[in-house]
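Below is one structure, written out as structure tokens; the observations come after it.
The values are calculated or read from the model by the stated rules, or taken from the named source; none is laboratory data. Every value quoted in this text rests on a predicted model; they were computed, and no experiment measured them. Here the Cβ is made from the backbone with ideal geometry for all residues, glycine too, and neighbour counts use every protein chain on show. What goes into the accessible areas is simple: the full protein's heavy atoms, side chains included, and nothing from ligands, DNA or RNA. Shrake-Rupley method; radii C 1.70, N 1.55, O 1.52, S 1.80 Å.
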Amino acid sequence: MSKASEVKRANEILRLLKKEYPEVNIALNFGTPFQLLISTILSAQCTDERVNLVTKTLFKKYKRPQDYLNVSSKELEKDIFSTGFYRQKTRSIKNCCSILIEKFDGKVPKDFDALKSLPGVGRKTASVVAGNAFGIPAIAVDTHVIRLSNLMGFVKTKDPEKIEMKLKEFFPEKEWINLGHYLMSHGRKICIARRPKCLKCVVGDLCPSFDPLTESA
């Protein structure tokens, strides 16, 4: 298929997903860029629902980077225990807050490379914060985006950065931030890993992985 044909198919898929999920938005609850940064670090290998339960109390207790540095690691570990990998996440949060204070006057930087340089912040986290906190065009590639990008035939790789670059070729820049949300929503509701509901899929006619024999209930 030519590049022009793929772009056309991509835009039609996007149109259908936008119609299907008109209220799409980031699932993490936050009020400031700093809160979103902490939430995204906590969301690694954890559900957004669980993170939101934890941060509802966490954000009342810790409001600034210095607050996370003032508390003992043991207490912070207890506060975020239910998100999993709590020791590693505690180290990441504390190290991240330390750098925020030392290099960025305690504020979350808008620059993508600066975001990515923070401890515990990879490309996906930087994309989430850049896009959803600052409105900077970015595609956050999570497990749903990886899976659906392959199933829909846009890529043949599990490499998040390669997927991000390829999706940016097919989809308009103004849609990059929400593209991830559309794919995540579709992955949770219809294109479920173990039991895809192909017969209920609004983009089934445009998907090379469409299988009418999959579970439709």
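Excluding ligands, DNA and RNA, the accessible surface per residue across the chain is 54 Å² with a 1.4 Å probe. The shape of region 1-92 can be summarised by an equivalent ellipsoid whose semi-axes, obtained from the alpha carbon gyration tensor, come to 37, 14, 12 Å from longest to shortest.
The alpha carbons of region 154-204 stretch over 29, 23, 16 Å along the principal axes, in descending order. On region 112-194, 52 percent of the accessible area sits on carbon and sulfur atoms, based on a 1.4 Å probe. Of the residues LYS124, LYS94, LYS156, the one that moves most in a GNM of the chain with alpha-carbon contacts below 10 Å is LYS156.
Each residue of region 135-140 was assigned a 3J(HN,Hα) from its phi angle through the Karplus curve 6.51 cos²θ - 1.76 cosθ + 1.60 (θ = phi - 60°); the sequence is x, 8, x, 7, 10, 8 Hz, with glycine and proline shown as x.
Our estimate of slack between LYS63 and LYS19, defined as 0.36 nm per intervening residue step minus the Cα-Cα distance, is 12.1 nm. Working note: 222 nm ellipticity from helices only, DSSP H runs with n ≥ 4, each -39,500 (n - 2.57), summed and divided by the residues of the chain, gives -18000 deg cm²/dmol to the nearest 500.
Taking the square roots of five times each eigenvalue of the Cα gyration tensor of the chain, the equivalent ellipsoid has semi-axes of 35, 19, 14 Å, listed largest first. Exposed loop positions in the chain were taken to be GluC sites (Glu not before Pro) whose DSSP state is not H, G, I, E or B and which have at most 15 other beta-carbon atoms within 10 angstrom. Between these positions, the longest stretch is 24-214.
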